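The values are calculated or read from the model by the stated rules, or taken from the named source; none is laboratory data. Predicted model only: the values in this text are computed from it and were never measured. Every residue, glycine among them, receives a Cβ derived from its backbone with ideal geometry; neighbour counts consider all protein chains shown. When the accessible area is computed, the model is the full protein with side chains, heavy atoms only, and any ligands, DNA or RNA have been set aside. Shrake-Rupley method; radii C 1.70, N 1.55, O 1.52, S 1.80 Å.
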Amino acid sequence: MKILVTGATGLVGAEVLREAIKDKGIEQAIALTRRPGPVVDAKIHSITHTDFLDYSGVNLREVDAIIWCLGVSQSQVNKEQYEVITHDYAVAAGKALLLANPAGTFVFLSGTGADSSEQTNTLFGRVKGKTENSLRRLNFKRYVIARPGGIRPIHKNPNAPLVNKIFIPFFPLFRLIAPSLVIDSDVLARILIHVARNGSDKEILENTDLLEIAERLSL
């Protein structure tokens, strides 16, 4: 299986690449990134890509699945930029995959609080929900939305927003108080690869669903 991973320099994207290296069912993982990522291996094919609205220069014909982990904190950009990065980039990639390989799978990393009605007061919830809906309308043969809660990093990520770094020491407390809302980054990565390969009974996987999959498969 060949997968394409975006957000390869981020917390989850880099973890997906690490897990892809260990996964014997992954023949190749293409890392689509603006700058070199932290994960290097013979199985990883890195492509420097600057325009995430245009995929004409990326060969998607043999890509079985896109695992979309590209994202940005809403505190780092303005409202218009956040919508372009979160929504427009993902939809452009989805359209490109369908054109190149109509049987391709799209796994979208969303998050707890995404609102399918697009009516919530939070920018994150509205735009993530809008993106989920826009991708759904593309009618992939296999489309899965992952909505993790708090993601506990297993590896340090120098590119993480400051607010994310501040919360790291509090994860043991979060896990004690609300264990159903926390997931380890490596476990999440293995689940994303699993659903890219095998699909899911549910299109939207909330954090509790992700944890159930991890327990059932001993991930």
Given (1) assigned to a helix (DSSP H, G or I); (2) of a type outside the set (Lys, Arg); (3) at pLDDT 95 or above, number of the condition VAL163 does not satisfy: (3)
Residue match in the stretch 64-72 (condition: more than 16 Å from the chain's Cα centre (by Cα) and open to solvent by less than 80 Å² (accessible area, probe 1.4 Å)): no
Any hit, the stretch 177-186, residues being at pLDDT 95 or above, on the phi < 0 side of the Ramachandran plot and open to solvent by 20 Å² or more (accessible area, probe 1.4 Å): yes
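Taking the stretch 8-52 as the search range and keeping residues that are assigned to a strand (DSSP E or B) and hydroxyl-bearing (Ser, Thr, Tyr), which one is farthest from LEU188 (Cα to Cα)?
By that ranking, first place goes to THR48.
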Selection count where residues are among the polar types (S, T, N, Q) and part of a helix (DSSP H, G or I), scope the stretch 110-149: 3
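Over 21 Å from VAL12 (Cα atoms) and small (Gly, Ala, Ser): which single residue out of ALA31, ALA65, ALA92, ALA96 fits that description?
On the way: ALA31 fails: over 21 Å from VAL12 (Cα atoms); ALA65 fails: over 21 Å from VAL12 (Cα atoms); ALA92 fails: over 21 Å from VAL12 (Cα atoms).
None of the others qualify; the one that does is ALA96.
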Subset of the stretch 32-58 that is at pLDDT below 95 and over 18 Å from LEU17 (Cβ atoms) - its residue that is least open to solvent (accessible area, probe 1.4 Å): GLY57
Flag for THR112 being in contact (Cβ under 8 Å) with a residue 60 or more places away in the chain and touching a helix residue (DSSP H, G or I) at 6+ places or on another chain (Cβ under 7 Å): yes
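Tell me, please, whether a residue that is acidic (Asp, Glu), in contact with a strand residue (DSSP E or B) (Cβ under 7 Å, 6 or more places away or on another chain) and either under 23 Å from ILE183 (Cβ atoms) or touching a residue at least 40 places away in the same chain (Cβ under 8 Å) (or both) can be found in the stretch 77-97.
No: zero hits.
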One residue from GLU19, GLU83, GLU118 being open to solvent by 60 Å² or more (accessible area, probe 1.4 Å) and either under 17 Å from the mean Cα position of the chain (by Cα) or farther than 24 Å from PRO153 by Cα (or both): GLU118
